[in-house]
Amino acid sequence: MALQFSATNPEHPAFLLELPWHLPLEEWPEKHLVTLPRGISRHVVRYARAGSDVVAVKELAERPAVREYELLRTLARLGIPAVDPLAVVTGRTGTDGEPLEPVLITRHLNGSLPYRSMFETTMRPTTVHRLMDALAVLLVRLHLAGFAWGDCSLSNTLFRRDAGAYAAYLVDAETGEVHDRLSTGQREYDIDLARVNISGEMLDLEASGALHPSVDPIAFGAEICQRYEGLWSELTRTSVYPAGKYHYIERRMRRLNDLGFDVAEMQIANSPNGDTITFVPKVVDAGHHQRQLLRLTGLDAEENQARRLLNDLESWMATQEDYAPGDPLGARAEVLAHRWVREVFRPTVRAVPQELRSTMDPAELYHELLEHRWYMSERAQLDIGLEAAVADYTTSVLRRPGTEVPSASDSS
């Protein structure tokens, strides 16, 4: 049987032909291989250089190879974080004429690491928790898309840290199934598997001395189920917001923040009954919001202030016609962010009389105005615009007898 490449991109087989397909994967020469950390796998897996790309090559039977290739393509179409499938190679024969197992080829995910290599130096418990949160986000996104993983574990996941954000990527879809919608039983089965697998993998790390002594492997496996359930509930509650009731949206964002998640993307769909909001969560590291706000707007703020301002910016951007969901860090977002500074942030700050804001940090003042609007909106059960919030804040807070206007150095 002749060597065959099944690939969606015709450019891929050209540079893949350079690899030694006549040899079992375990016998590939070092000149073709790239030394990168590998996770535990039931199959033989190697990283190889093909043209300018680094690819992961996995040997397995033809039927599961083709099936996994198609599942990974489906996940790519759905926008789920997973490795990029390049091709399935069949018809391999050795130098002795004997058939060799087919292989699945995926593109190496730059900057990603398997969990074991991340624990080679004892990881702080807070970082471990963020990685587990990233895995919970991945599970929720898979389940929302109707994908039952069937073997969720740390070994089947790659982790990547990018500009302070943590993300988990599915790397093994062999046991997965795609449905129109998952039943509660299917979701619970996936989560219970995750609990058992993760606890087992953490116990293994503990035995090797790579786990921080304060981390309980059994409790940790149970915790990811709790994190998943909290996030699933918050993201799947059907809510239709009356037009203009933006404090309802803010309430949902605050609940996600309280769970320890941030909003990576928000989409607003208009309907006859009101606005339907969709959130995409993310997990971030300390200082992420400061860096993000500074990059997008040029505003330098403390972390909590920056988080609050970014939430407001994200809400405002989602209402703009030229906003592109799914590209929150792109050039268009930067243009919108500077428009927000020019049309929303600065006019709001300047609406406070000069003598009352002269010593106040603008980011802290805007943060206080947002908080004031939030509480006013909650009491009134309708959205109080920034203009009304500024007027009330000026009268009831800044001009209140005995009130000292804080200096910028007092900002938190």
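Observations
- Placing a pseudo-label 7 Å from each Cα along the Cα-to-Cβ vector at E321 and R160 gives an inter-label distance of 3.4 nm.
- In this simple spin-label approximation, E30 and E18 carry label points 7 Å from Cα along the Cα→Cβ vector, and these lie 2.0 nm apart.
- Unit charges on C-beta of K, R, D, E only; dipole of the range 127-218, Debye: 380 debye
- Taking θ as phi - 60° and the Karplus parameters 6.51, -1.76 and 1.60, the scalar couplings of the range 24-29 work out to x, 4, 5, 9, 5, x Hz in sequence order, x denoting glycine and proline.
- Taking amide hydrogens as placed 1.01 Å from N in the peptide plane, the amide H of F147 sits under 5 Å from those of H179, each at least 5 positions away in sequence or on another chain.
- Here the spin labels are modelled as points 7 Å beyond Cα on the Cα-Cβ line, and at E302 and E188 they lie 4.5 nm apart.
- Ordering D383, D300 by accessible surface, largest first, gives D300, D383; the 1.4 Å probe counts only protein heavy atoms, with every chain in place.
- The amide H of L86, built 1.01 Å from its N in the peptide plane, has I105, T106, R107 as neighbours under 5 Å, considering only residues 5 or more places off or on other chains.
- Note that the range 145-155 has calculated 3J(HN,Hα) couplings of 7, x, 9, 9, 5, x, 6, 5, 7, 5, 5 Hz, one per residue in order, obtained from phi through the Karplus relation 6.51 cos²θ - 1.76 cosθ + 1.60 (θ = phi - 60°); glycine and proline are x.
- Using θ = phi - 60° and Karplus 6.51 cos²θ - 1.76 cosθ + 1.60, couplings along the range 216-222 (whole Hz; Gly, Pro as x): 8, x, 5, 5, 5, x, 6
- FRET efficiency for the L294 to R63 pair, using the beta carbon distance and R₀ = 45 Å, is estimated at 0.30.
- The range 70-188 shape via C-alpha gyration tensor axes, a/c threshold 1.5: oblate
- Accessible area of I224 in the full protein assembly, 1.4 Å probe (Å², nearest 10): 10 Å²
- Alpha-carbon centroid distance for the pair the range 335-363 / the range 47-75, whole angstrom: 51 Å
- Of the residues F119, L16, T106, the one whose Cα sits farthest towards the positive end of the charge dipole of the range 1-159 is F119 (charges of +1 on Lys and Arg Cβ, -1 on Asp and Glu Cβ, taken about the Cα centre).
- Three-way shape call for the range 169-208 based on the alpha-carbon gyration tensor, with the a/c threshold at 1.5: oblate
- Solvent accessible area, Å² - D96, 1.4 Å probe, full protein context: 110 Å²
- Ligands, DNA and RNA aside, E314 has an accessible area near 20 Å² when probed at 1.4 Å.
The values are calculated or read from the model by the stated rules, or taken from the named source; none is laboratory data. These numbers come from a predicted model, not from an experiment. A quick note on method: Cβ atoms are made from the backbone with ideal geometry, for glycine too, and the neighbour counts reach across all protein chains shown. We work out accessible area using only protein heavy atoms, side chains counted, and drop any ligands, DNA or RNA first. Shrake-Rupley method; radii C 1.70, N 1.55, O 1.52, S 1.80 Å.
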